[in-house]
1. Sort 113, 85 by Cβ crowding within 10 Å, fewest neighbours at the top.
2. Can you work out the FRET efficiency for the pair residue 149 and residue 47, with r the C-beta to C-beta distance and R0 = 25 Å, to the nearest 0.05?
3. Along each principal axis of its Cα atoms, how long is segment 62-109 end to end? Whole angstroms, biggest number first, please.
4. If we count other beta carbons within 10 Å of each Cβ, what is the order of 133, 92, fewest first?
5. Whole number please: convex hull volume per residue, Cα atoms of segment 39-159, in Å³.
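Coordinate-derived values only; no laboratory data. All values reported here derive from a predicted model rather than from experimental measurement. Don't worry about glycine lacking a Cβ; one is built from the backbone with ideal geometry, like all the others, and counts go over all protein chains shown.
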């Protein structure tokens, strides 16, 4: 009986993890206005970097919340250095709003050129991750401690 309960618990936990992972897919873009709750001040980041941004979607997974995801629309397709600048400015906003909450950050960048009104956003042209020592395996294991050992990694190329 105990073995069956343990197996059932494991199956339920696996189902919850799979559902959470599937939830973090591409962000929808619709013609109607959708309220997205984000710690990122879009106007401030746009002003600091010179690139207009719009947070399309946010998501978190983990218990307690460990991984934080953002889908950000940018004008055009900025170069890697500019995407890193946008990422740093956005992360500063998130960390200031909720210090020592998230163990990893992923920012998916969508070009305004790829977003059609009423269409679903399917392509991210770049992705930035902010991880302890730049390593996914250290997420949730290493202490946050002001994010001092975290490294930003920006990859340009079609992301799915």
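1. Fewest-to-most ranking of 113, 85: 113, 85.
2. 0.25
3. For segment 62-109, the Cα extents along the three principal axes come out at 35, 19, 14 Å.
4. Details: 133 10, 92 15.
By the 10 Å Cβ count, ascending, the order reads 133, 92.
5. Per residue, the Cα convex hull of segment 39-159 comes to 105 Å³.
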